[in-house]
Amino acid sequence: MAPRSLVLTVAVLLSCGALFSAFVPVPLLAKSASSAPALGQLPTAALSTALLVTPSLAHAATEGSAVWIPALSAVGAGFAIGLAAIGSGVGQGIASGRCIDGISRQPEVADDLRGVLLLSLAFMESLTIYGLVIALVLLFANPLIK
């Protein structure tokens, strides 16, 4: 892995951990006498991630939790379509720019580059459509809502 890629990966993971610890509260429990570490001693980001990943919380039977599933589904749908559109847009821009650079350097291969570019753009756009499908499923056919 390149050093730049490694640094960016670590930066993203740290920022996600800071984001989780800032917005997801940690439940406070009384200290137990067991040998396992107390709940308050674990990192906040690890506890928040565990709470977010637990699928059994989505099917809680209390009255107050019924509003959280559609609300978080709407947030997830927004992230799905937003990230898909941003990623596809950046990828299409980079691919188009490189294709124009290649055509300007070697005009005789313009037809070959144009065909490859159009095929690549179609594949990139299909990923955006997948993001749209995921967003529509989360909004209108959510499997978490009974």
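The values are calculated or read from the model by the stated rules, or taken from the named source; none is laboratory data. All of these numbers come straight from a predicted model, not from anything done at the bench. Cβ sites come from the backbone with ideal geometry, for glycine too, and all protein chains shown count toward neighbours. Side chains included, ligands, DNA and RNA excluded: accessible areas come from the protein's heavy atoms. Shrake-Rupley method; radii C 1.70, N 1.55, O 1.52, S 1.80 Å.
At a glance:
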| read-out | value |
| --- | --- |
| Enumeration of residues in the range 131-146 that are surrounded by 13 or more Cβ atoms within 10 Å (Cβ to Cβ) and not aliphatic (A, V, I, L, M) | 131, 142 |
| Hits in the range 78-112 (condition: open to solvent by less than 90 Å² (accessible area, probe 1.4 Å) and hydrophobic (A, V, I, L, M, F, W, C)) | 80, 81, 84, 85, 90, 95, 99, 103, 109, 110 |
